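Structure first, commentary second.
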Amino acid sequence: MAVAGSNVRSEGVGAMTANRMRDFALYIAISLLVGLSIMWLASHTDRSSAGKIFKWLGLAANTLIVFGYTIKFNRVLWKRRSFWVTVFLLHFFICSRSSSCCDWSMDLGPFGGL
């Protein structure tokens, strides 16, 4: 004799496992894409601009940390359009100021200057 709730529980566990497997596959695909992109960029970039690549990577890492924590800790504001507009404008302003005040241009071969 089967317990009525046991079948429901096993379906929920199977669904959770399927979601975890899908998420894990996405994590692997995204990390492969990022890794291959970095390898391709490194092989197609002029060696004299190697220091500039680290400046861009540092800017990207700092941007992820600053805006990631800002968005995470203000979860209650996610439904407000003004929050997202403010975050976008701040991000745009900081990135435009950091790229215009420093000589960070790189020669990326087929893509020209960045």
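Starting at the first residue of segment 64-79, write each ³J(HN,Hα) from the Karplus equation 6.51 cos²θ - 1.76 cosθ + 1.60 with θ = phi - 60°, in whole Hz, x for Gly and Pro.
Couplings: 4, 5, 5, 6, x, 5, 4, 5, 5, 7, 10, 4, 5, 9, 4, 7 Hz.
If I take R0 = 41 Å and measure r between the Cβ atoms of TRP56 and MET16 in this structure, what FRET efficiency does the formula 1/(1 + (r/R0)^6) give, to the nearest 0.05?
Details: r = 39 Å, r/R0 = 0.94.
Given R0 = 41 Å and the Cβ-Cβ separation, E is 0.60.
Just so you know, all these numbers are worked out from the coordinates, no wet-lab data involved. Remember, predicted model here, so these are calculated numbers, not experimental data. Every residue, glycine among them, receives a Cβ derived from its backbone with ideal geometry; neighbour counts consider all protein chains shown.
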